[in-house]
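I have placed the structure first, in the form of structure tokens, so that the comments after it can refer back to it.
The values are calculated or read from the model by the stated rules, or taken from the named source; none is laboratory data. Keep in mind the model is a prediction, meaning the values are calculated, not measured. Here the Cβ positions follow ideal geometry from the backbone for every residue, glycine too, while neighbour counts run over all protein chains shown. Side chains are part of the model used for accessible areas, which takes the heavy atoms of the whole protein and leaves out ligands, DNA and RNA. Shrake-Rupley method; radii C 1.70, N 1.55, O 1.52, S 1.80 Å.
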Amino acid sequence: LGEDVAAKASVVPWAGEPKPFVKEYRPGGRVKMLFVDSANIPGQFRYKGGLEALEAFAALRDLYPGLELVIRSGLPRRIRERYAGMPGLRLIEGVVPWEELEREFMTADIFLLPARFTPLTVFMDAMSYELPVVTTDSWGNPEIVENGVTGLLAHDSRLARHYREMLPRYFLPPPGSRLHRDMFGEVDRDLVATLVEALKPLIDAPQLRRQMGLAGRQAVETGRFSIERRNHLLRQVLDAAIDGDGAQ
């Protein structure tokens, strides 16, 4: 029965919207990283790996004084008090008009979102704005961000240790639970170190950023995440269903 069902299953991937703009690549040592949390679902800063992104940035600033990080997210009070005023860090905690957020995407060099789940839409947005994506290898992230091609994946060893507890269905553990404390109570130092090593080659090599950014944009505009391909696959599924029912 399993093989029979698998033979009939079709995968229609998520699709992104092309962004009509021309990417400007700036010379010099300034590199801007962008972290964007959801404006519709507040309180996900830790789930998106925001604390690890901040710690990775703090470590990298010692090596790259021209590095910048823009965070569009609400922050827990203690985290805001700890990191506000850090050189090179700019916090945007309120919801901003899309035009303003779009400027942040257009002027960024790297999209950093070490999420502990798979936020599809924002990955597609980043890729469509020609940004290499640095995230974790959690859940479906490797199916969206192709490691070494459209971005780089950092191994999430803490989540890997808890996969069995979070299956057969994926969920975010409730606040206050043991699993939540284990997953999000403290900074994941292993993940921070892995993020730092993943980001270094992108910061060092503008050509690598451009190569991955162009690959991501192509994937959204004409490749496996394009609307045209999504619609083509969806039509195949619907046509097969109609033919199978004997309809004309």
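State which residue is nearest to residue 126 (Cα to Cα) when the search covers only the stretch 203-221 and only residues that are open to solvent by 70 Å² or more (accessible area, probe 1.4 Å) and free of Cβ contacts under 8 Å to residues at least 40 places away in the same chain. This residue is 218.
When 192, 187 are screened for being assigned to a helix (DSSP H, G or I), touching a residue at least 60 places away in the same chain (Cβ under 8 Å) and open to solvent by less than 30 Å² (accessible area, probe 1.4 Å), only 192 passes. Could you give every pair whose Cβ atoms fall below 6 Å, whose first residue belongs to the stretch 89-103 and is under 19 Å from residue 55 (Cβ atoms), and whose second residue is outside any loop (DSSP other than H, G, I, E, B) and modelled with pLDDT of 95 or more, counting only separations of at least 6 or pairs across chains? Sorted first by the residue in the stretch 89-103, then by its partner, the pairs are 89/69; 90/70; 91/71. Residues of the stretch 102-118 that are under 28 Å from residue 172 (Cα atoms), open to solvent by 10 Å² or more (accessible area, probe 1.4 Å) and either at pLDDT 95 or above or out of contact with any Phe, Trp or Tyr (no Cβ under 9 Å at 6 or more places or on another chain) (or both): none at all. The set of residues in the stretch 130-150 being in a loop (DSSP other than H, G, I, E, B) and either free of Cβ contacts under 8 Å to residues at least 12 places away in the same chain or out of contact with any strand residue (DSSP E or B) (no Cβ under 8 Å at 6 or more places or on another chain) (or both) consists of 130, 138, 139, 140, 146, 148, 149. Evaluation of residue 67 against the conditions (1) farther than 20 Å from residue 209 by Cβ; (2) surrounded by 14 or more Cβ atoms within 10 Å (Cβ to Cβ) shows that the sole unmet condition is (1).
Checking 99, 52, 81 one by one, the residue that is open to solvent by less than 80 Å² (accessible area, probe 1.4 Å) and outside any loop (DSSP other than H, G, I, E, B) is 52 and no other.
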